[in-house]
Amino acid sequence: MTPPFTDTSQHLMLRNATLRDVPAIIKLSRRVYEGTGMYGYTEGPLIGQINTFPEGQFVAVLAESSDAKAAEGADEVVVGYCATFMVEGDVALKPHTWTEITGNGYASRHDPEGDWLYGMEVCVDPDYRGYRIGQRLYNERKHLCESLGLQGVVFAGRLPTLSRRLKKFKTVEAYVDAVLQKKQRDPVLSFQLHNGFELHGIIPHYLDADHASLGHGMHMVWRNPKVARHEDHEKRKRYGKRQQNTVRIGTVQYQQRPVASFEEFSEIVRYFVDVVSTYKGDFVVFPELFTLQLLSIEQEKASPAAAIQAVTKYAEAYRGLMRDLALRYNINIIGGSTPVMADNGGVCNMAYVFLRDGQVFEQPKIHPTPNEAYWWNITGGNRVTAIETDCGPIGVLICYDAEFPELTRHLVDQGIQILFVPFCTDERQSYLRVRYCCQARAVENQLYVVMSGNVGNLPNVPNMELQYGQSCILTPCDFPFARDGIAADTTPNVETVAFADLRSDVLLTARNSGTVKNLQDRRHDLYNVQWRGK
């Protein structure tokens, strides 16, 4: 055979393994393990390793110096292979067998949420040893570990000279101790120690087919210096997580009930904020006029107009409560709506958005219902504005406003992708008017719409005697979304919270290349929305 690296047209290159490399890796592994009692790989396990965790499998190849040929994989010779997968520390750091930890060689124990990188294989062509190819592959493991922010690298290494030296040292422990004290050199363990790995323990029967090692595996670890160290026994919460690039919404279906004080009301609100925050929500949404519950504190009966005026005195305390909760629980709060005194001396139905950084935004109801205008003397606002949040621009329309498509289109023109609709409806027909219009807004504007409503009743509170509600999170109707255009909904008239994870990239895909493209296909030459308010 020609000595390695004599052909100056070739160079050594490390890259991720692909399925195209499988035949060469099979050939390599059989050469490496010939005569050891262990067998080289067959096709199935290698396909499993590469398909399960492609970024964790590496090959060292001799490649043509021409970039074009190297990119095509032409004339490459595989001279080294390294296989890894991610695993949880409480699995990798306790004794195990090779078959158990690797899923019989398929890397099927790969855990995308694991905090350690497990090294299940490193093999180097015997004809190319002495060129630190093994060290290069070990370094690739470390680089991958650092890039993923993992705790470290763990594996069980061989002791290929143990069977010959056991007679001298009597026990495995004595032999390993001699290597650790540098009184004895082992071709594998000494190399691993030199490369910064520490001995975690000795695993008997790790791989009984490894006759040279008498089945033992040296449990080795390398700890990533760039991350804070977990205690080996520390448990991590590994459930309730969500995909990246999502916005998690929790919409509260709020039970109207008498309260004796503002403090009691605060504790109910705090409970729901805490719940959605615990589920790692980005937004918690409350209903329209849910603060009318505070009228149950008042002992004297009053006319509807006087009652609504009475609630306005809680506006400042309500704003202080909600802002504090947004900061404390690190969550954005769509604070439903509450009556406030307008500049003209009337009453405005005002929605508030409390961001987790402490900012507060207002959105008045534009269209009071005939009932609100007649009984409560509520007047409409004159501005509809997108609100910038850490999850992108959003809009808020209060109940009846969602039945006017121009308002949503005005917000969509400002760039919103999520529309929040706090509502308050007394019976099913009223509710369905809002629901059907919200679904239409989601379809015609290709955006997400979140509805949050009241349920239950307040017998002694004017115009709040009955409530009908079914809170929900609606989507456009197209292939990337839920079949019925409903990401989440609730059982009607039961206090609860509905959750959904919403993805802006899916929404943008639908807008740009969906089955229909409502926004792109608008006839701007024929019609538009011209806003004459603020």
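General remarks:
- FRET E, pair Asp324, Ala482, Förster distance 35 Å, beta-carbon r, rounded to 0.05: 0.50
- Carbon + sulfur, % of accessible area of the range 268-325 - ligands and nucleic acids excluded, 1.4 Å: 48 percent
- The range 6-23 versus the range 507-521: alpha-carbon centroid distance in Å: 43 Å
- Helix 22-32 axis, angle to the chain major axis (alpha carbon atoms, nearest 10°): 40 degrees
- Hull volume in cubic angstrom per residue (convex hull over the Cα atoms of the chain): 199 Å³
- Once the Cβ-Cβ distance of Asn195 and Asp357 is raised to the sixth power relative to R0 = 51 Å, the FRET efficiency obtained is 0.65.
- For the range 59-168, the share of accessible area belonging to carbon and sulfur comes to 46 percent (1.4 Å probe, ligands and nucleic acids excluded).
- Whole-percent carbon and sulfur share, accessible surface of the range 397-518, 1.4 Å: 51 percent
- Calculated mean residue ellipticity at 222 nm for the chain: -8500 deg cm²/dmol, from DSSP H runs with n ≥ 4 weighted as -39500 (n - 2.57), summed, divided by the residue count and rounded to 500.
- Spin-label pair Thr496-Lys94: with each label point 7 Å from Cα along the Cα-Cβ axis, the two points sit 3.7 nm from one another.
- Cα centroid of the range 250-280 to Cα centroid of the range 308-352, whole Å: 15 Å
- Global geometry of the range 418-512, whether rounded, prolate or oblate, following the gyration tensor of its Cα atoms and the 1.5 cut on a/c: prolate
- Test item: Cα-centred dipole of the range 309-389, Lys/Arg +1 and Asp/Glu -1 on Cβ, debye: 120 debye
- The range 397-421 versus the range 423-453: alpha-carbon centroid distance in Å: 11 Å
- Burial order of peptide ranges 419-426, 290-297 (average beta-carbon count within 10 Å, highest first): 419-426, 290-297
- Helix 504-513 axis versus longest C-alpha principal axis of the chain: approximately 80°, rounded to the nearest ten.
- Angle between the chain longest axis and helix 315-328 axis [Cα atoms, degrees, rounded to 10]: 0 degrees
- The range 354-451 - charge dipole about Cα centre, Lys and Arg +1 at Cβ, Asp and Glu -1, debye rounded to 20: 180 debye
- Probe 1.4 Å, protein heavy atoms only - accessible area per residue of the chain in square angstrom: 47 Å²
The values are calculated or read from the model by the stated rules, or taken from the named source; none is laboratory data. Computed from a prediction, not measured in an experiment: that's the story for all the values here. Backbone-built Cβ (ideal geometry, glycine too); neighbour counts: all protein chains shown. Note: areas computed on protein heavy atoms with side chains; ligands, DNA, RNA excluded. Shrake-Rupley method; radii C 1.70, N 1.55, O 1.52, S 1.80 Å.
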